[in-house]
Structures are given as C-alpha cells and as structure tokens.
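Comments concern the structure below.
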Amino acid sequence: GVYTAGAAQRFSNMDGYMVGKEIVIYGSGDIGLIMARRMTLEGAKVKAVVEINPHSSGLTRNIVQCLDDFDIPLKLSTSISYIHGKDRVSGVTLTNLDENRNPIAGSDERIDCDTVLLSVGLIPENELSVEAGVNLDIKTSGPIVNNTMATNIDGVFACGNVVHVHDLVDFVTKESKIAGKNAALYCLNTLEQNKTVDTIAGKGIGYIVPQHIDINSKEDVNLFMRVQNICQNKKLVVRSGDNIVLEKKRLHMIPSEMESINLKYDTLKNITGNISVSVEEV
C-alpha cells in the first residue's frame, strides 16, 4: 500500500493495475498533483494531498486542474507522522507543522486509506553523468555546465532534465537547442573556449543554471533559476561584483515555477567578475 508516484504510474499505465481505492498523496509537486487527478479519473478516492511546506511545490495550473476541479484537499504545513496497517495500509496520521517544520502538539488527525503515494521530490537523471565522470552541482544534483551547456568532460554536453528538473518543456527546448548547436560546433572544431565567470545564487535564490558564463559570448545568455520562497512584488537583481548589471521586477514568484533572465551579449562585455542574482525589495 505504499508506492512512489512513479511506481503507481507504471502499474496504471503499463500493467493496467490500480494500486488502491482510497489514497493519500505525500508531496504536492507536479507529479503528485497530476497523480491525484489520474487516480481520481481511474475511480479511486484521493483523500488528501499532504505537503510539509507552507506552499505547494507544483504549478498553479496543476493545483487548479488536478485538485480544485476535483475537490481534493491540499493540506499545507502538514506531515504524515505515522502510517497505520500491517499487511496493508489502513490509514495515516497527519500532523501540522510550525514555521520550523516542528510538529505542533495536539494537531494529529487520522485519515483512513489503503494506499500512500510518495511524491517527495525529483532529481535529474544523472546516472550517465556520474558514469562519465561529469562534475555535479550539489544543489541541483545535475551536471555543472557553462552557457554552451558543456560539462567539464571535453565533448560532453547536457540539457533538459539531465541538468535540472524543469516545470515547463519550453525551457527544455531552449536548452536543447543551445546544447545541440554547440555540440555541432565542437564536432566541427569551431567552438570557442574563452574565459568564464561563475554564477552565484544570492539571497532568496536556490540555484542558477548555467553555473559558468563565457563573458566573451557572441550570443545572449539565459539564466535559469528558482526562488527559495514565495515572493510578492520583488525584483531580481543581477550583479557583477558590486555593480548592478540588470534588474527585473516580478509581481509573483514561487519555488515551483522557474525564473529566466536574459543577459544580452553586449551586456556581458561589461562584466569583470562573477555574476550573482538575488531577490530584493522593489
């Protein structure tokens, strides 16, 4: 009665097997949200989607289309503290969490169910990267790349969910075009290798890809990043040393939705040191 969301998908998609009738899903990322809808459409009753954070880890559209449209409750700042049952899951105990993720005494709630689906985070597909000896970023668990999507291994380029987990395929497409073009240039022995600077995740930023930028690039460079918390009416500030390179106002930012900043190639010419991005007041 306890499965990962991926295992449940396989049972349903490949084997035509339903994992349960009354389900609680742990984790509100996009996979967890989509599985809530899928299990409902397959005839199960999804009792709740449980999330330890004070906000969902999925896209807003998936919260609306997968939970709200089916009246499935989303329980935020809540953990599954106990799974009941012996030969089969019979229920779970939910516990509310404070701002430090500590259990709140007296907040326990039992929900009867026969299945628990775990959807508690994705990491990049990095098995090939590890086997090839590619250096990985401890924050993303994917390869460290520069703006050509080149790794530290000569001739090895990476993109998409190999590098970091994406929420929209549009960003995967952007990265794949960059990686494909530069891999072709490498094969033609015309890919320039210039001096690079590091990108640094400043205040409020979880990570930045690419991790290195060629400041002599003849093309624009896209920085992909995620904020660490929900932000309202803030701005993203790009700096090189103490100098502000670019500022972008954002009315609303959440960790589950990737942010992208475009650095024009003529702007890169004025950069002399490492590039940092931070979330600041407008």
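The values are calculated or read from the model by the stated rules, or taken from the named source; none is laboratory data. Note that this is a predicted model, so its numbers are computed, not measured. All accessible areas refer to the heavy atoms of the entire protein, side chains included, with ligands and DNA or RNA removed. Shrake-Rupley method; radii C 1.70, N 1.55, O 1.52, S 1.80 Å.
The accessible surface of the chain, taken with every protein chain in place and a 1.4 Å probe, is 50 percent carbon and sulfur. Rg/Rh for the chain (Cα atoms only, Rh after Kirkwood) is 1.04. Round to the nearest 10 and give me the degree value, 0 to 90, for the angle of helix 30-41's Cα axis relative to the longest principal axis of the chain. Result, in degrees: 40. Proximity of backbone amide H atoms, modeled 1.01 Å from N, is registered between VAL2 and VAL116 at under 5 Å, excluding neighbours fewer than 5 places apart on the same chain. Rounded to the nearest whole Hz, the Karplus-based 3J(HN,Hα) values (6.51 cos²θ - 1.76 cosθ + 1.60, θ = phi - 60°) of region 231-243 follow the sequence 10, 10, 6, 10, 9, 8, 10, 9, 10, 10, x, 9, 8, with x at glycine and proline. Cross-link reach is defined here as a Cα-Cα straight distance under 19 Å, omitting same-chain residues fewer than 8 places apart; for LYS75 the lysines meeting it are LYS45, LYS47. Normalised Debye scattering of region 126-281 at q = 0.09 Å⁻¹ gives log10 I(q)/I(0) of -0.27, counting only Cα atoms as equal scatterers and leaving out solvent. When only alpha carbons are used to place a centre, region 91-150 and region 209-231 end up 23 Å from one another. Taking 21 Å as the straight-line reach from the Cα of LYS269, the lysines in range (excluding those fewer than 8 positions away in the same chain) are LYS195, LYS218, LYS248.
Converting phi to 3J(HN,Hα) with the Karplus coefficients 6.51, -1.76 and 1.60 and the offset θ = phi - 60°, region 59-71 yields 5, 4, 5, 6, 4, 5, 6, 9, 10, 4, 5, 10, 6 Hz in sequence order, with x at every glycine or proline. In the complete set of protein chains, residue-level accessible area for ASP154 is approximately 120 Å², probe 1.4 angstrom.
For TYR207, the residues whose amide H sits under 5 Å from its own are ARG226, ignoring neighbours fewer than 5 places away on the same chain, with H placed 1.01 Å from N. Using the Karplus relation 6.51 cos²θ - 1.76 cosθ + 1.60 with θ = phi - 60°, the per-residue 3J(HN,Hα) values for region 220-229 come to 4, 10, 9, 9, 10, 7, 10, 7, 8, 9 Hz, with x marking Gly and Pro.
Give me the accessible area of CYS113, 1.4 Å probe, in Å² rounded to the nearest 10. Roughly 10 Å² of CYS113 is accessible to a 1.4 Å probe.
Excluding ligands, DNA and RNA, the accessible surface per residue across the chain is 52 Å² with a 1.4 Å probe.
Estimated at the nearest 10 Å², the accessible area of MET225 is 0 Å² with a 1.4 Å probe.
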